[in-house]
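Peer 1: Got a structure here, written out as structure tokens. Questions coming.
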């Protein structure tokens, strides 16, 4: 999620150039300068991303409350922030176990959040298999690109 590898992958040619320059020319200074730029750049991107995730959390407090009118909206928000891709049955169990939210309450909350566009269904339930849902805005923010 917040790894230096994002910078290294985006600057792959320079990464290999500076690695090869160590072997070929002993250019440690070039490598160190490249690596320090990577750290500074990635840290700035991560800081921006964290602020955006915090802002999303605050926005979703209101959005989930508005969509569900539930006293449990913050508990649901915390659960989907801790695991933004989940099976509906796992979330139902977690909310019951951690907050005592009745197991029959959660499916309605999930339906309301899907209808509001907060959650997206990745795989529909079928028979005994529960639906797999996701919180795409958080996933996309964490990845730094559109993945869902």
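Peer 1: For every helix of n ≥ 4 consecutive DSSP H residues, a contribution of -39,500 (n - 2.57) applies; sum these over the chain, divide by its total residues, and give [θ] at 222 nm rounded to the nearest 500 deg cm²/dmol.
Peer 2: When only DSSP H runs of four or more count, the value is -22000 deg cm²/dmol.
Peer 1: Shifting gears a bit: Quick check: residue separation of residue 82 and residue 33 times 0.36 nm, minus the Cα distance between them. What number comes out in nm?
Peer 2: 14.0 nm
Peer 1: Within segment 105-148, whose backbone N sits under 12 Å from a point 7 Å along Cα→Cβ of residue 9?
Peer 2: Zone members listed by number: 143-147.
Peer 1: Considering Cα pairs under 8 angstrom that are at least six residues apart, work out the relative contact order of the chain and quote it in whole percent.
Peer 2: Relative contact order, the chain: 20 percent.
Peer 1: By average Cβ neighbour count within 10 Å, what is the ranking of 59-71, 20-32 from highest down?
Peer 2: Ranked from most to least packed, the peptides come out as 59-71, 20-32.
No lab work stands behind these numbers, since they all come straight from the coordinates. What you see is a predicted model, and the numbers here were worked out from it, not measured in a lab. Note that each Cβ is placed from the backbone with ideal geometry, even for glycine, and that neighbours are counted across all protein chains shown.
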